[in-house]
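Have a look at the structure below, then the notes.
Only the coordinates and a few stated rules stand behind these numbers; no lab work does. This structure is a prediction, so every number in the text was calculated from the model and none was measured. Positions of Cβ are generated from backbone atoms using ideal geometry, with glycine treated the same way; all protein chains shown enter the neighbour counts.
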Amino acid sequence: MTGTVLDLGDRNQVLAVYRSHLSKGRASLIQMLGAPMEVSSSGTRVTDSQGIDYLSCGGYGVFLLGHCHPSVTDAVVRQVRRHPLATRTLLESAAAGAAQALAQVTPPGLDRSHFVNSGAEAVEAALKLARAHGKRTVITTAGGYHGKTLGALSITANRLYQEPFEPLLPGVHQVAYGDSRALEAMLEAWPESCVVLEPIQGEAGVVIPPACYLRDVRELCSRYGAFMILDEVQTGLGRTGHWWAAQRADVVPDMLLVGKGLSGGVVPVAALTTTSDLYKPFSRDPYLHTSTFGGSPLAMAAAQATIEVIESEGIVELARGLGADLLRQLRSIAARCPGDAITEIRGAGLLIGIEFRDAGSAAEFLLNMIEQRVLVNHSLNSQQIVRLTPPAILSGDDVSWLLDAFEKAVRSTTDLV
């Protein structure tokens, strides 16, 4: 094979390869945004090809521990040198270590884990396990986001992503999020169901339900014999200031989906966790639902180290305190800025949503934040909302940087609307 050697530090060369061999749309979007090319990361910072640092407050909830946390990266490096992938034939210890660690922090009774590579795969596993128990009807919620693989997409409430791939899974019904009466009416019609929802909707723009909602869902599922499947891929493992957002309502689901933060920001990994009783179909036949790379030793090393860091460094408590402080200060800044571009700022822990009066203002704010070298995220199911998902390890200087950037970006956005 011959050809020009790609200079990985040359933005224009990388964009050209995207156009030729990856996504033209992705290349066009990056060029339109004028976004730099990230080449390294550490702690709270991401560094571009020009050596410029950016404060990492995005990443869709992955980087609660920051980037390249030394304990997680060291565990992964040791594993990659020793045994990165398994034969899938012999006994393998890294999976046992991760499963035991996860069982020690999940809600009571959820002591069985099925490890996969992504949050969407965890959703697929949950849907299949529910079907193995005869639950072929799925009730999901408006605004919910559960991934883009075919099964997960079927219960992701966004027609923009669904329409090109129809027909999707049959037997999927949608109810309003936060409306337990609507759910009860649906369960009366379809009692043999599984109910899939998020304890706080992330991609809908950090939508926090009424305080009694999750308890109502739990009671209704128990009454009608339905499975309650809680998607905590984005909210779990400390992101909201609790190990699990469900703990805010003292609720234990039948299945809990974990991802994003489980990676420690180092190796992609996710999991379905459930009770021993519900896991029986997968437990009886270990080949019923498998993946060559699911639960790889490398990912298991990252997952176990991540859980240990969250415990040893008090990450849950840090997220709770820092999140409350940031929410208060962001609201104060927005209140003293001129104009009415921002309509609401809401959050739980370090999952914070900033709602603008229209999608254009949200997009302009996001670009203004990049100009201030702070990385944030848009919301896939709500284009007028920008999310902050910063690490729990932000320093005082980092917080000052974020707040100063936020004020400048808001004022610049207000000047344009």
Global form of region 8-136, assessed from the alpha-carbon gyration tensor, a/c cut-off 1.5: prolate
Candidates A245, A341, A120: whichever shows maximal mean-square fluctuation once the chain is modelled as a Gaussian network with Cα springs under 10 Å: A341
Correct option for percent of Cα pairs over 40 Å apart [calculated from the coordinates] among [x] 17; [y] 22; [z] 40: [x]
Base-10 log of normalised Debye intensity for region 1-52 (one unit scatterer per alpha-carbon) at q = 0.17, 0.24 Å⁻¹: -0.59, -0.97
Sites matching chymotrypsin sites (Phe, Trp or Tyr not before Pro) across region 212-287 that sit in DSSP coil, with at most 16 neighbouring C-beta atoms within 10 Å: Y287
Inter-centroid distance (Cα atoms) of region 116-132 relative to region 360-380, Å: 32 Å
Dipole of region 70-312, positive direction: furthest Cα of V251, V309, P210, with charges on the beta-carbon: V309
Nearest-0.05 FRET efficiency for A211 and H173, computed from C-beta distance (R0 30 Å): 0.75
Hits among lysines - C-alpha to C-alpha of K24 under 16 Å, sequence gap 8 or more where chains match: none
Positive-end residue of A405, V72, A86, charge dipole of the chain with Cβ unit charges: A86
Unit Cα scatterers, Debye sum, region 70-312: log10 I(q)/I(0) for q = 0.07, 0.14, 0.15, 0.16 Å⁻¹: -0.22, -0.88, -1.00, -1.13
Region 188-279 - Rg over Rh from alpha carbon coordinates, Kirkwood radius: 0.98
The chain, helix-only ellipticity at 222 nm - DSSP H runs n ≥ 4, -39,500 (n - 2.57), divided by all residues, nearest 500: -12500 deg cm²/dmol
Region 248-292: C-alpha pair distances exceeding 15 Å, %: 59 percent
Trypsin sites (Lys or Arg not before Pro) within region 315-417: DSSP coil, no more than 15 neighbouring Cβ in 10 Å: R357
Per-peptide average of other Cβ atoms within 10 Å, ordering 13-26, 174-187 highest first: 174-187, 13-26
Check: the chain dipole with +1 on Lys, Arg Cβ and -1 on Asp, Glu Cβ, in debye: 620 debye
All-pairs Cα distance distribution in region 154-193, expressed in whole percent, bin size 5 Å: 6, 20, 25, 20, 16, 11, 1
Partners for K128 among aspartates and glutamates (Cα-Cα distance below 17 Å; same-chain residues under 8 apart left out): E192, D231, D254, D277, D285
Region 70-312 - share of DSSP beta bridges that are antiparallel (%, nearest 5): 40 percent
Rounded to the nearest 20 debye, dipole of region 80-154 from Cβ charges on Lys, Arg, Asp, Glu: 160 debye
Dipole axis of the chain (+1 Lys, Arg; -1 Asp, Glu on Cβ), positive-most option in A270, Y60, G295: G295
Values of log10 I(q)/I(0), in the order q = 0.17, 0.23 Å⁻¹, for region 297-417 under a Debye, Cα-only, solvent-free model: -0.84, -1.31
Tail weight of P(r) past 17 Å, computed on alpha-carbon pairs of region 273-343, percent: 71 percent
